[in-house]
Amino acid sequence: MRLCGLCLVVGLLASAAGAAERAGEGPGYLREHVYDGSVHAGDTLARVALASNRWPDCTTLESAVADIFRIEGVAAKSDQDKALALWKWCRILMSATGLGYAREGPRGSERLCCDPHKILTVYGHHQCDGLSWTMVPLWRAAGYMALDECNFGHTTAALRYRDADGALRYHSFDLKRNYYHWDEQNQRVATRSLPVMRGMVFRHVTTPRELHSLWTSLHPDEIVRRQWQNEGHIVPNGGDRSESAAEHEAYYAYRPGRAGGVYAAAGEEVQTLAPTGRPETFAQGLAEGSRNVACSPPAEGRATFHPQQPGEPAEFVYRFAPPYVVADARCEVTLLKAARSDLCRLLVSRDGAAWTPLATQDQPGQQRVAVDLGHEAWTKDLPNVYTAYAFFLKVQLQTAGDVRKTGFRDLTVVVHRMLNKRALPNLRPGKNVWKVAADPIAQGFALELAVEYRIDGRPRSETRIARRFPYYFSIDVPDVPEEVRADYDEHFNEGRLQMTALTMRLRPADGGEEQTPPLPAAAALAAFAQSSPHPADLTRKLTERPERDVRQTDGFFPQSAETRDDEATMRALIRELRSPCVPRQWLAAEDLGAYPKALDELLAVLPAADSDLTLFLCKALAQIRDRRALGPLLEKWKRVPGGAPGTRYIPDALAAIGDPSAVPHLAAALGKCRFDLRFHIAHALGVLGGPEAERALQDLARNDPLPAVREEAGRALAHLRAPPPDTRR
């Protein structure tokens, strides 16, 4: 079985403070799901987003989960109805056939991709942990608490919500094995382990705070074509694999029309830039850093793009924007220079700051340059943009002579990017209302959008031209039976209705109205308020035994009040606690919570315990509730915001001990901790009480960015303010 990532997330929490600084946050609570919506020079049309009223809008995690609830008609229903709707669409939108882990970055310094939005919209396939890394943040995007639960072989999604009896519990969904755990007696989704985290952990928070989105920018002379059929332009997951090299190769191998393996999810974007050299508009496609630039009509032996003034450096910078990962890229350009002393060279950058030369025109004359920047260049350790999102090309020029004799022409860049076709706006039989959202378009341009699909193999297409946004239109698809499968993991877009491609480009506005008048906003908004449940039935349950006490499933410690006095068993557990076998250590620490006499042994292990073992020690110490643990726990607490998941549960143990002197230590950490620690701090402050705890809870209840934390702080406040129980007989 695979090691599901417990050792792959070191340092993610430690980088949270730096992420907050980059996001420009001031004092307060760290926000999650920070999306970059910035607009750059050259973005003639910025923040483009496409959505259909009958398919989840996956632009962000928030838009996706809100649409899932709306489409399935559960927005006003129970939390369990919402969780089951999310389960259903995670099964439709992602393929559980992925191998290994996605890695991105320059060769030799690749990093694990933990961004749930990338897993959802770019890769679309993963193994158990990557699928859970996506479902869990989607649930948090709806305002709830959720974490993924794992051992050393398997990971599932644990979603916390309120059940019909009014109690808040965690509930387990297994996206890899295609079932959810079920409590038949109480007719509710159950937990994978009972109590939760029995021999497992609610993992470190792998989700980065700054997330990817599908907002798209378009430049003049650029065509973006998103295809449902991938033609072999894949970024394979890799590393930490148990499968053979042959199995891995077979999974990713391309053949025309293939729909299995990774191709059950993978489509591709073909991004083409070919500046035509219109003097009146060429500069609108240039990125930050461009200077001393000019454009002249094409002429034989002359540069179309050249310096504006002689004697000064000229730089033409082109930015190739996200939202999808680069699998392959190729650049072709004709470079010209008149004198040996002239400068004419092509460079590439992943960040717009560090530049690597690709080609230099050494001799006077002209030279046609063709450079591969994709996977092949990566395998040869040549300059490349493989696995990049945004990247930059720059042509540097300088001449003291005729500016038209030093420059370039006939630039063509073709970029193949991998995407998850399931997360595109797929059509369904019947009426589909589309929304094109964007910032105002630059004067003189219009957006042309073409949607291609097939019915029973016969091609169809719809083209719209828009100059004002949001722009709404409808596509009426013949009422053919909708594709309903139980094996969406392996098959998608194979029914009578099949998507082909959608293409976007900017074109000169002709001064008239749109080619097709937009659908009136009122009618479109009404369509986007309606439900349209997908007919797939993806119900599959694994029956579990019911809980004995809600403490077993609510996610806080202690989970038991059992006390035992069995010296021989306790000594055997202590030996297990000190054994090198990690799972046995975890279980022994948890079970020692029933033995108050084991306190000294537990405290002796605590200082050097790793972040996982610390969790189970907190389980035990919360059950024993001895004040002698206060000092060692507070010493370990100094590690926050690091040390999770173990430090996440120190507040539970401190609350169980019941010493209010812990309150200042907990409250002081709130501003530097992520949502999961704040959630447990809020619970603990509600137990410990006092004026400082109440002030901190009031602020959390008003201002915490995550609704689940605000709700927990509100419950804690209500508990503190409740009148004491009447003990009179």
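Some values worked out for this structure:
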read-out	value
The listed residue being out of contact with any Phe, Trp or Tyr (no Cβ under 7 Å at 6 or more places or on another chain), surrounded by 14 or more Cβ atoms within 10 Å (Cβ to Cβ), of a type outside the set (Asp, Glu) and more than 28 Å from ALA83 (Cβ to Cβ), out of ARG460, ARG464, ARG505	ARG505
Condition check for ALA41: aliphatic (A, V, I, L, M), surrounded by fewer than 21 Cβ atoms within 10 Å (Cβ to Cβ), out of contact with any Lys or Arg (no Cβ under 7 Å at 6 or more places or on another chain) and in contact (Cβ under 8 Å) with a residue 24 or more places away in the chain	yes
Meets criteria (within 18 Å of ASP402 (Cα to Cα), at pLDDT 95 or above, small (Gly, Ala, Ser) and buried (at least 17 other Cβ atoms within 10 Å of the Cβ)) for ALA314	yes
Subset tally (residues that are at pLDDT 95 or above and of a type in the set (Lys, Arg)) for the range 564-603	4
Residue satisfying condition, being assigned to a helix (DSSP H, G or I), surrounded by 23 or more Cβ atoms within 10 Å (Cβ to Cβ) and of a type outside the set (Phe, Trp, Tyr), within set LEU159, LEU147, LEU131	LEU131
Test: PRO440 is assigned to a loop (DSSP other than H, G, I, E, B), crowded, with 20+ Cβ neighbours inside 10 Å and not hydrophobic (A, V, I, L, M, F, W, C)	no
Residue count, the range 401-430 (criterion: outside any loop (DSSP other than H, G, I, E, B) and more than 30 Å from ALA327 (Cβ to Cβ))	5
Filtered residues of the range 295-322 (kept if aliphatic (A, V, I, L, M) and more than 30 Å from GLY124 (Cα to Cα))	ALA299, ALA303, ALA314, VAL317
Tally of residues being touching a residue at least 40 places away in the same chain (Cβ under 8 Å) and more than 16 Å from PHE408 (Cβ to Cβ) across the range 268-280	5
Which listed residue, of ASP163, ASP129, ASP174, ASP115, is modelled with pLDDT under 95 and touching a Ser or Thr at 6+ places or on another chain (Cβ under 9 Å)	ASP129
ASN292 being closer than 24 Å to LEU120 by Cβ, outside the structural domain of VAL122 (by TED's automatic domain parsing) and crowded, with 16+ Cβ neighbours inside 10 Å	no
Test: ARG460 is within 15 Å of ASN426 (Cβ to Cβ) and either assigned to a strand (DSSP E or B) or aliphatic (A, V, I, L, M) (or both)	yes
Test: residue in the range 478-487 that is modelled with pLDDT of 95 or more and touching a strand residue (DSSP E or B) at 6+ places or on another chain (Cβ under 6 Å)	no
Selection within the range 270-305 - within 21 Å of ALA446 (Cβ to Cβ), of a type outside the set (Ser, Thr, Tyr) and in a strand (DSSP E or B)	GLN271, LEU273
Residue that is surrounded by the most Cβ atoms within 10 Å (Cβ to Cβ) [pool: residues in the range 194-241 that are among the small types (Gly, Ala, Ser) and farther than 24 Å from LEU99 by Cβ]	SER217
Qualifying residue in the range 477-497 (condition: outside the structural domain of TRP89 (by TED's automatic domain parsing), surrounded by fewer than 16 Cβ atoms within 10 Å (Cβ to Cβ) and not in a loop (DSSP other than H, G, I, E, B))	no
Identity of the residue in the range 252-267, touching a residue at least 40 places away in the same chain (Cβ under 8 Å) and assigned to a loop (DSSP other than H, G, I, E, B), that ends up surrounded by the most Cβ atoms within 10 Å (Cβ to Cβ)	ALA265
Any chance VAL433 is in a strand (DSSP E or B), in contact with a helix residue (DSSP H, G or I) (Cβ under 6 Å, 6 or more places away or on another chain) and of a type in the set (A, V, I, L, M, F, W, C)	yes
Unmet criterion (only one of (1) over 18 Å from the mean Cα position of the chain (by Cα); (2) surrounded by 20 or more Cβ atoms within 10 Å (Cβ to Cβ)) for TYR123	(1)
Enumeration of residues in the range 633-664 that are assigned to a helix (DSSP H, G or I) and either surrounded by fewer than 18 Cβ atoms within 10 Å (Cβ to Cβ) or on the phi > 0 side of the Ramachandran plot (or both)	LEU634, GLU635, PRO660, SER661, PRO664
Only one of ALA713, ALA682, ALA693, ALA708 that is crowded, with 23+ Cβ neighbours inside 10 Å and either touching a residue at least 40 places away in the same chain (Cβ under 8 Å) or not in a helix (DSSP H, G or I) (or both)	ALA708
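The values are calculated or read from the model by the stated rules, or taken from the named source; none is laboratory data. Note that the coordinates shown come from a computational prediction; the quantities given were computed from them, not determined experimentally. Note that each Cβ is placed from the backbone with ideal geometry, even for glycine, and that neighbours are counted across all protein chains shown.
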